[in-house]
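The values are calculated or read from the model by the stated rules, or taken from the named source; none is laboratory data. Please read all numbers here as calculations on a predicted model, not as lab measurements. Here Cβ is always computed from backbone atoms with ideal geometry, including for glycine, and neighbour counts include all displayed protein chains.
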Amino acid sequence: VVISDYITPVMLTDSTGYAPEWWSWALSGVQVALGIVLCATGVGAIIGAGLIVSGSSMLISNTMSALGMDDRLSMQLQSGLNVIAGIGLSFVPGMGALGASMIGAGVLGFGGGYLSEALGGSYGLGWSIGTIVGSIVGGMAYKAIVNKLSTPANMMRSFENHPSRWKLIDQASSQATGRAYRGGISVYSKYQNIWTSGRLGTHSITRLGEVLHYHYFFGF
Amino acid sequence: MTNKEIILDALINDSEAITQIKEYFHLLSVEISLEELNVVLEDLVEDEFIFIDEIWVNELGEKPYTITDKGKQEWEKIR
């Protein structure tokens, strides 16, 4: 009873006895810093972005706990916010990778806490590991999906069936002077997919409305 | 025009991959096999009239050929 009186929330700083410990703050800070370094140097953007997401999540969760919120609840709340924000970002062109990373962090963080408890560990440790792993797995899954969608065949199909998903990023035209194309206009157009950032180009030569030459190109 | 001249003509405006060059032959109603076309392209690269460019690949993964200044001078002769 005496011990309980010391650690119960007289100062409203440790309502559950699980307030963030120094390692939790350090881990979140290290993740954000390492993530920024990985992204800035281009060494591992996917892992770097994942670490920034998980580090930021832990920082926010730690802050909520430090402000008096039940630390377990703050972690679960942060996981929920990650999933909701991640789903929202998935619908914003160019933000899909971040969204996927946040969804992964939220889901695996939430599950990781319970798994850790079931295995006899603390909820916080499992949540931390789950959040880190989930953010990286989410980013990698997104990358894998984008790679799958960015094969030449898939990009051509998307360009033909969903032209509104492609924005023109560069175009150059010139007079065609080859014997068979004389009098025609040669146009090189470069497009970028607004969702996957995949790039596709077209080269056409037309004369009086007739398409004499047309092909796609990639890898620019 | 000879096959070499047709290739230079096909490339005088833009870089093209072998598939597009073959289409140019077809457009001029000139029959040429891929093997034959490859041999002529190799000769032109060796003579420095054209070079294999790295600017893009087409849907078949083929790199384009680009005409050199020497190739342009040669093309002027057949114009």
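If you take the residues in the stretch B:24-52 that are at pLDDT below 95, surrounded by fewer than 18 Cβ atoms within 10 Å (Cβ to Cβ) and under 18 Å from A:His203 (Cβ atoms), which one is nearest to the other protein chains (Cβ to nearest Cβ)?
Taking the candidates together, the pick is B:Leu27.
Where residues in the stretch A:163-220 are in contact with a helix residue (DSSP H, G or I) (Cβ under 6 Å, 6 or more places away or on another chain) and of a type in the set (Ser, Thr, Tyr), which of them is farthest from the other protein chains (Cβ to nearest Cβ)?
Across the stretch A:163-220, the extreme among qualifying residues is A:Thr196.
Considering only the stretch A:166-188, how many residues are in a helix (DSSP H, G or I) and either within 44 Å of the chain's Cα centre (by Cα) or buried (at least 19 other Cβ atoms within 10 Å of the Cβ) (or both)?
Qualifying residue count, the stretch A:166-188: 2.
Just name the residue that is nearest to A:Gly50 (Cα to Cα) out of those in the stretch A:142-158 that are within 12 Å of chain B (Cβ to nearest Cβ) and out of contact with any helix residue (DSSP H, G or I) (no Cβ under 8 Å at 6 or more places or on another chain).
A:Thr151
Does A:Phe110 satisfy the condition of being within 24 Å of A:Gly219 (Cα to Cα), in contact with a Phe, Trp or Tyr (Cβ under 9 Å, 6 or more places away or on another chain), of a type outside the set (Val, Ile, Thr) and in a helix (DSSP H, G or I)?
When the stated conditions are applied, A:Phe110 does not pass them.
When only residues in the stretch B:1-13 that are in contact (Cβ under 8 Å) with a residue 24 or more places away in the chain and facing chain A (nearest Cβ under 7 Å) count, which is farthest from A:Thr202 (Cα to Cα)?
B:Asp9
Quick check on the stretch A:207-218. Is at least one of its residues surrounded by 15 or more Cβ atoms within 10 Å (Cβ to Cβ) and under 20 Å from A:Ala97 (Cα atoms)?
no
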